[in-house]
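A quick write-up on the structure given underneath.
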Amino acid sequence: MDRWSFLRFLGACCLVVFCPSVLVFVGGFPVRQGVVLGLLMAWLAFGIRMQMPSARRFIPYWVRVSPNWYQILTDFKLISSVEEWRSVLQSASTDYCVLRDGVLFTVVQESEDFEHTLIFWNQHQAFGSEFRFMEDMTPIQFKRMDPMGGHLPARFFMKPWAAGLLAGYSLGIEVRDWWWEKMKTSCVAPLAVDTNLLTGSVDLTLATLPRKEFDLYWGCWTEEYITKVKPKIRVQRDEARQKLGWTAEEHQADDFHPYGGWPAAIVHKYFHIQHHAI
């Protein structure tokens, strides 16, 4: 008998002993009547418990997105050398800078249909209601092509994405439309290009993160979930990873993470993602 079967058997035994005892010694029922009625109550309670679907519980979790900035900036001709990359880092603000710090957020609450979400963006100490993030990539800038002059920064984005039955989040950079027209033939082809005529900007999607990556943060402590459902979710997650170009990162024996535990980690050409339950 495995552990879960034993626990189920133990629970049934407790019901069988508890119900008649309460009726006889507390309720004052005659022994025979109390035993029969108690056994009937135990049988009904156990049957109802077995038929009731277990409520799934959400587990809050944090996510860290670490772009491979040197690869991104060189592939898209925004820098041309290691020395230029070092100069960019040196000129970055001492405060939060996405080029140095990446993105860290905590999913505080989430509905099962993903329609309602509460996210805390750690670096900005602010709450949001969806997986949507836009951050200036200062000092990476473009000269404005209008009478106002000045410069506009490139920007990093994370936003909802869906293709058929597969849903997730797009990760990429926003550049100026005139710059993209000039440079696109010399750049690596992005996954998608979305032009916004109103703002004169172009979103270059570099990777898509599957929503299934976070499905395991919805679960319940039942034998069926742990032995059947959870393994199936892992298979679906791994299939989505493979389809969208992500691979699992193996931990080294001497790895240390400041948030405790062993975070799940996946790697893409342009991004490194870590996440873990709180």
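The values are calculated or read from the model by the stated rules, or taken from the named source; none is laboratory data. Remember, it's a predicted structure, so these values are computed and weren't measured experimentally. Neighbour counts are summed over all protein chains in view; Cβ atoms, including those assigned to glycine, are modelled from backbone coordinates with ideal geometry.
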Expected single match for out of contact with any strand residue (DSSP E or B) (no Cβ under 8 Å at 6 or more places or on another chain) and assigned by TED's automatic domain parsing to the domain that holds residue 99 among 159, 143, 182 is 182
Any chance residue 76 is under 23 Å from residue 270 (Cβ atoms), under 15 Å from the mean Cα position of the chain (by Cα) and crowded, with 16+ Cβ neighbours inside 10 Å: no
Residue list for region 178-225, restricted to those being in a helix (DSSP H, G or I), of a type in the set (A, V, I, L, M) and touching a residue at least 40 places away in the same chain (Cβ under 8 Å): 183
Say whether the condition of being within 14 Å of the chain's Cα centre (by Cα) and modelled with pLDDT of 95 or more is met by at least one residue in region 188-208. yes
What residue, among those in region 163-177 that are without any contact (Cβ under 8 Å) to a residue 60 or more places away in the chain and over 17 Å from the mean Cα position of the chain (by Cα), is nearest to residue 197 (Cα to Cα)? 177
Cβ-Cβ under 7 Å pairs, at least 6 apart or on other chains, region 77-98 side in the same structural domain as residue 189 (by TED's automatic domain parsing), far side small (Gly, Ala, Ser) and not in a helix (DSSP H, G or I): 78/154
Test each condition in (1) closer than 25 Å to residue 246 by Cβ; (2) not in a loop (DSSP other than H, G, I, E, B) for residue 86 and report the one that comes out false. (1)
Report whether or not residue 88 is more than 18 Å from the chain's Cα centre (by Cα), β-branched (Val, Ile, Thr) and more than 19 Å from residue 62 (Cα to Cα). yes
Just to verify a result, which residue in region 216-229, among those that are crowded, with 16+ Cβ neighbours inside 10 Å and touching a helix residue (DSSP H, G or I) at 6+ places or on another chain (Cβ under 8 Å), is nearest to residue 181 (Cα to Cα)? 216
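Name the strands (runs of 3 or more DSSP E) wholly inside region 92-171 in which the number of residues that are modelled with pLDDT of 90 or more and buried (at least 17 other Cβ atoms within 10 Å of the Cβ) is 3 or more.
Details: elements: 103-110, 117-121, 126-128, 133-143, 151-163.
Those strands (runs of 3 or more DSSP E) span 103-110, 133-143, 151-163.
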